[in-house]
Amino acid sequence: MAEEILLPRVAAGESDAMERCVERYGPLIWSAARRFLGSSHEAEDAVQEVFIHLWRDAHRFDPVRGSETTFVMVIARRRLLDCRRRLGRLPELKTLEDDMEPALGNPPVIDGDDEAEQAMKLLRGLPLEQQQVIELSLRDGHTHQEISSRLEMPLGTVKTLLRRGLLRLRQALTGSKMEASS
């Protein structure tokens, strides 16, 4: 049975189609981002950027020219190359977390639906401002500047709320994964 083609639905503005697109292609794009960029921090930002571009460019997908996966990965590759070029112009900064990652080993695999459900529960546990910023960024694809204007808050506050909220979600998910595997 062939997989449903999602990009025409994404182009039509169906939010559930974008969610399914993230579920389907997220692991593939994350894997590519980690290979291209090395650091999980840069990879996170790059994956978000890829999905924003996918959302904006979904109308350009033509199934006659290639598969949906090929289209997604072409956009991902272009964005990841842009990120790598941009990072190449910056001095490399190493964080404690980057140093600790190899010692943690491979995290246990959880079913994507369970993980998404768990993430939504955790998201609802965050302060309202963090929930709003994360949803506007990840679900709706707004830029930091657009979120700042829409919520009438300083740009730095938006970036801080988003970063801290995503870190809290990741820490909670990682902790939950570790507990689930015990």
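All of the numbers you see were taken from the coordinates with simple rules; none came from a lab. Computed from a prediction, not measured in an experiment: that's the story for all the values here. Note that we place each Cβ from the backbone using ideal geometry, even for glycine, and neighbour counts take in every protein chain shown.
Counting beta carbons within 10 Å around each of His59, His53 and listing the fewest first gives the order His59, His53.
With neighbour counts taken as other beta-carbon atoms within 10 Å, the residues Asp82, Asp45 rank, fewest first, as Asp82, Asp45. For region 66-80, backbone phi angles converted through the Karplus equation (6.51, -1.76, 1.60; θ = phi - 60°) give residue-by-residue couplings of x, 6, 4, 4, 4, 4, 4, 6, 5, 5, 4, 4, 4, 5, 5 Hz, Gly and Pro being listed as x. Across all Cα atoms of region 7-88, the radius of gyration (one decimal) and Dmax (whole number) stand at 12.4, 36 Å. Annotation: extensible slack from Ser31 through His59 equals 7.6 nm (criterion: 0.36 nm per residue apart, minus Cα-Cα distance). Annotation: extensible slack from Ser67 through Arg164 equals 31.3 nm (criterion: 0.36 nm per residue apart, minus Cα-Cα distance).
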